[in-house]
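**Q** One structure, as structure tokens, below. Some questions next.
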Amino acid sequence: MVPQTHDSDILILGAGGAGLFAALHAHKAAPELSITVAVKGLLGKCGCTRMVQGGYNVALAKEDSVERHFMDTIEGGKWLPDQELAWKLVTLAVERVRELENELGCFFDRNPDGTVHQKAFAGQSFDRTVHKGDLTGIEIMNRLAEQVWARRIQRLEEHRAVELVRSADGASIAGVLFIDMRTGDYVFVRAKAVLLATGGGPTMYRYHTPSGDKSCDGLAMALRAGLRLRDMEMVQFHPTGLLAGPHTRMTGTVLEEGLRGAGGFLLGGNKERFMPAYDPKAERATRDIVSRAMFSEIRKGNTTPHGGLYISMGHLGADRVRQEFKGMVERCADCGFDLAAGLVEVVPTAHYMMGGVEFAADCTTSIPGLFVAGEDSGGVHGANRLGGNGVANSTVFGAVAGDAMAAWVTKFGHLVEASGAELEAAIERCERPLRAARGDLEALREKLHDTMWERVGIIRDEQGLTRALAELDALDAELESTGIGSSARAFNLSWHDWLNLRSLVAVSRTIARTALARQDSRGAHYREDFAQTSALETSAYTSIGANGEVTMKPVAFTRVLPGQSLLKHAA
Ligand SMILES: Cc1cc2nc3c(=O)[nH]c(=O)nc-3n(C[C@H](O)[C@H](O)[C@H](O)COP(=O)(O)OP(=O)(O)OC[C@H]3O[C@@H](n4cnc5c(N)ncnc54)[C@H](O)[C@@H]3O)c2cc1C
């Protein structure tokens, strides 16, 4: 099958905060270049940046500093973050927020004196989270999308990237193979520089928060192209996902952290509090501690009708809860729960992947011409991401990538011939489910969710991880021989389900393998058989490639050593 072919100087995969910032910055730096944004959904309407509720971390206040934001990020990440990446995050976040407000047209909430309002978020030593009510992501994405529409930037919407294709000599990136989801035709876009910004997304877990278009496609493509991924065992769970039964997408969506912050209680199926037995801060402990305690209670069988736990707010006064948490009260009511005066079923939910493609501070990767930014990249957050550092990450590094790609294309870039063999093999892999006998994709997805939730989730051990790897191998083999029972291509959602599962299984294996390799517990990764955190001075991160071998690479403490602080030095 011969794909249609287009050429573009710069090709951006994904239209979240990272992809759209990259497009705007590349266009500003070199307006003469052709730029294409290709996205699985509709530009501005998909991905997780739009779902950001809480806000954006940035050191703006006089009493705050980038050093303080940096130390919170490093300590929150349990000394695993790459310190140069983290430094870039905190320093450039200041520029990006100014750009969002003054050039791109965002209105963030303000104090009576006109300064930007910044609220408290967990794990931070200063209230530095900029926001627009609790709809910050919509404000950012609407303004970014308008600005992209207003410029000469090409759009390929409902185009799903399926393979990063290298040059015939394998020395650089040649372009990307897509399926035009509306017709089912293959499209190959040749480009001088390509940005991977498809946003990760741990949707392989039974309960998860990210948008349905996210299925780790970028990470799976990166692995096949020969890139290495770091910190893949670090998957963040948010403690309070709504649990409204298996047949609604509302299950897994986040009930905000502020509920616990305001004094909400978590109760077992027996309607008694359990958190005080796990941590002195009880419900106000950090996300990892609360999620672990909840998972332990669930394992003991102390559960609600749907197999989760309860959150209870009524003791704070129903009127107060209705007033302070209007959106959450309405969301719960939509699912038949009374948050203000009754009990709501909740469960920890997979929220964010700290792991991703290994990259340098200018967003380059080990493949010349291929760049990465946002949630597809690894190393900024280490073992844990602070709430509010996610959208900062995608906008900061999206902008860096846009600038770097414009410079790269202007200096070195030229279109190269793609490897015909890679292109053919990629199409062949996508064609398999159209030919094979119909199977039960739903059952395969359930198996994947069970394996990842039970054995590669919040509490792990060697036995469970080893079993999970065997189950993932079996799942992979079963998927390869499973068809979708139709050769129709146009908007064939079963075909895309199959492709989603293929990416999720490949990336799940990297999570399980790195989780098995890391023999200590820190941040989001908890091993029951290695419950202690090993010496911070010898911290190492996991690095995995397509062959599945994991290497431990030492963290370079380029700015501050464990036990020290930039704040003391700055004082
Ligand atoms: C419910 C929720 C609340 C959150 N709240 C906060 C918060 O308050 N503060 C914070 O800092 N962070 C928050 N986050 C995290 C934050 O949303 C992400 O860290 C960040 O927005 C990721 O940006 P991104 O550009 O990398 O990816 P996204 O914004 O997810 O964009 C990815 C893009 O890639 C596209 N794509 C995917 N696969 C393909 C493919 N194969 N081909 C083409 N395109 C593809 C998608 O359609 C999408 O356009 C939240 C996340 C969720 C889920």
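**Q** Using all C-alpha to C-alpha distances in region 212-305, build P(r) with 10 Å bins and read off the rounded percent in each one.
**A** 14, 37, 27, 17, 5, 0
**Q** With +1 on each Lys and Arg Cβ and -1 on each Asp and Glu Cβ, how big is the dipole of region 448-571 about its Cα centre, in debye rounded to the nearest 20?
**A** The dipole magnitude comes to about 660 debye.
**Q** Taking every pair of Cα atoms in region 144-273, average 1/r, invert it to obtain the Kirkwood radius, and report Rg/Rh to two decimals.
**A** Radius of gyration over Kirkwood radius for region 144-273 works out to 1.09.
**Q** Å³ per residue of the Cα convex hull, for region 88-205?
**A** Convex hull of Cα atoms, per residue: 202 Å³.
**Q** What ratio of Cα Rg to 2.2 N^0.38 Å holds for region 152-225?
**A** With N residues counted in region 152-225, Rg over 2.2 N^0.38 Å equals 1.21.
**Q** Any idea what the relative contact order of the chain is, in percent, if you count C-alpha pairs under 8 Å spaced at least 6 apart?
**A** 22
**Q** Moving to a separate point now. Heads up, I need the accessible area for Ser487: 1.4 angstrom probe, whole protein in place, Å², nearest 10.
**A** 80
**Q** Moving on to the next point. To the nearest 20 Debye, how big is the dipole of the chain about its Cα centre, given +1 on the beta carbon of each Lys and Arg and -1 on that of each Asp and Glu?
**A** Computed charge dipole of the chain: roughly 420 debye.
**Q** Charges on Cβ only, +1 for Lys and Arg, -1 for Asp and Glu, centred on the Cα centroid of the chain; of Ala86, Leu434, Leu444, which one is farthest towards the dipole's positive end?
**A** Selected residue: Ala86.
**Q** So for region 1-75, considering every pair of alpha-carbon atoms, how many percent are separated by more than 20 Å?
**A** Values: 1535 of 2775 pairs.
When every Cα pair of region 1-75 is considered, 55 percent fall beyond 20 Å.
**Q** Give the distance, in whole Å, between the Cα centre of region 176-235 and the Cα centre of region 308-323.
**A** 39
**Q** At a 1.4 Å probe radius, which order do Trp495, Trp87 fall into by accessible area, largest first? If you can, show how the numbers build up before the last one.
**A** Values: Trp495 0, Trp87 55 Å².
Highest to lowest solvent-accessible surface, that is Trp87, Trp495.
**Q** Compute the projected area of the convex hull of the Cα atoms of region 315-361, averaged over all viewing directions, and report it in nm² to one decimal place.
**A** 5.7
**Q** Also: Quick check on region 434-571: what does the Kirkwood estimate of hydrodynamic radius come out to from the alpha carbon pairs, in Å?
**A** Value: 17.5 Å, from the Cα pair sum.
**Q** Still on this structure, I have one more. May I ask which residue of Ala262, Leu195, Asn142 lies farthest towards the positive end of the charge dipole of region 113-264, with charges of +1 (Lys, Arg) and -1 (Asp, Glu) on Cβ and the Cα centre as origin?
**A** Leu195
**Q** Here's a follow-up. With a 1.4 Å probe and all protein chains kept in place, how do Thr482, Thr558 rank by accessible area, largest first? It would help to have the intermediate numbers written out before the result.
**A** Working: Thr482 10, Thr558 85 Å².
Correct descending sequence by accessible area is Thr558, Thr482.
**Q** Please report the relative contact order for region 57-124, taking Cα pairs under 8 Å with a sequence separation of at least 6, and give it as a percent rounded to a whole number. Don't jump to the answer; show the numbers that get you there.
**A** Working: 40 pairs, mean separation 20.2, N = 68.
For region 57-124, the relative contact order is 30 percent.
**Q** Report the per residue volume, in Å³, of the convex hull enclosing the C-alpha atoms of region 414-496.
**A** 168
**Q** While we're here: Can you pull the three principal axis extents for the Cα set of region 340-386, in Å, largest first?
**A** Result, largest extent first: 57, 17, 14 Å.
**Q** May I ask for the net charge around Lys132, where only other residues with Cβ less than 13 Å from the Cβ of Lys132 are counted and Lys, Arg are +1 while Asp, Glu are -1?
**A** 0
**Q** I've got another one for you. Could you give P(r) for region 184-246, binned at 5 Å from zero, as whole percent values over all Cα-Cα pairs?
**A** Spelled out per bin, shortest first, that is 3, 12, 18, 23, 17, 10, 9, 5, 2, 0.
**Q** Just reorder Glu345, Glu454, Glu422 by solvent-accessible area, largest first, 1.4 Å probe, all chains present.
**A** In descending accessible area the options line up as Glu454, Glu422, Glu345.
**Q** How big, in percent, is the set of alpha carbon pairs in the chain lying more than 39 Å apart?
**A** Numbers: 38240 of 162735 pairs.
Here the tail beyond 39 Å accounts for 23 percent of pairs.
**Q** Once you order the gyration tensor axes a ≥ b ≥ c over the Cα atoms, which shape class does region 342-437 get: rounded for a/c under 1.5, otherwise prolate or oblate by comparing a/b with b/c? Don't skip to the end; give the middle numbers.
**A** Numbers: a/c = 3.13, a/b = 1.21, b/c = 2.59.
The shape class here is oblate.
**Q** Further question: Which peptide among 440-451, 255-266 comes first, and what is the full order, when sorted by highest mean count of other Cβ atoms within 10 Å?
**A** Peptide ranking by packing, descending: 255-266, 440-451.
**Q** I've got another one for you. For region 216-344, with only Lys/Arg (+1) and Asp/Glu (-1) charged at the beta-carbon, what is the dipole magnitude about the Cα centre, in debye rounded to 20?
**A** 240
**Q** Excluding Val235 itself, calculate the net charge of residues whose Cβ lies under 11 Å from the Cβ of Val235, where each Lys or Arg counts +1 and each Asp or Glu counts -1.
**A** So the surrounding residues net to -1.
**Q** Here is a further query. Give the residue from Val400, Ser296, Val321 lying farthest towards the positive end of the charge dipole for region 277-416; charges sit on Cβ (+1 for Lys and Arg, -1 for Asp and Glu) and the dipole is referred to the Cα centre.
**A** So the residue we want is Ser296.
**Q** Over its Cα atoms, what ratio of radius of gyration to 2.2 N^0.38 Å does region 22-142 give? Spell out each step's value before the answer.
**A** Working: Rg = 15.8 Å, N = 121, 2.2 N^0.38 = 13.6 Å.
Here the answer is 1.16, to two decimals.
**Q** Any lysines with Cα under 18 Å of the Lys28 Cα? List them, leaving off those in the same chain fewer than 8 positions away.
**A** Result set, ordered by chain and number: Lys192, Lys411.
**Q** Tell me which DSSP H helices of the chain clear both cut-offs, 24 Å or more of axial length from alpha-carbon atoms and a mean Kyte-Doolittle hydropathy of at least -1.0.
**A** Within the chain the helices that satisfy the rule are 83-102, 389-411, 462-480, 493-517.
**Q** Over region 48-168, calculate the relative contact order: mean separation of alpha carbon pairs under 8 Å at least 6 apart, over the residue count, as a percent.
**A** On the way: 130 pairs, mean separation 42.6, N = 121.
Reported as a whole number, the value is 35 percent.
The values are calculated or read from the model by the stated rules, or taken from the named source; none is laboratory data. Every value quoted in this text rests on a predicted model; they were computed, and no experiment measured them. Every residue, glycine among them, receives a Cβ derived from its backbone with ideal geometry; neighbour counts consider all protein chains shown. Protein only, heavy atoms only, side chains kept; ligands, DNA and RNA dropped before computing areas. Shrake-Rupley method; radii C 1.70, N 1.55, O 1.52, S 1.80 Å.
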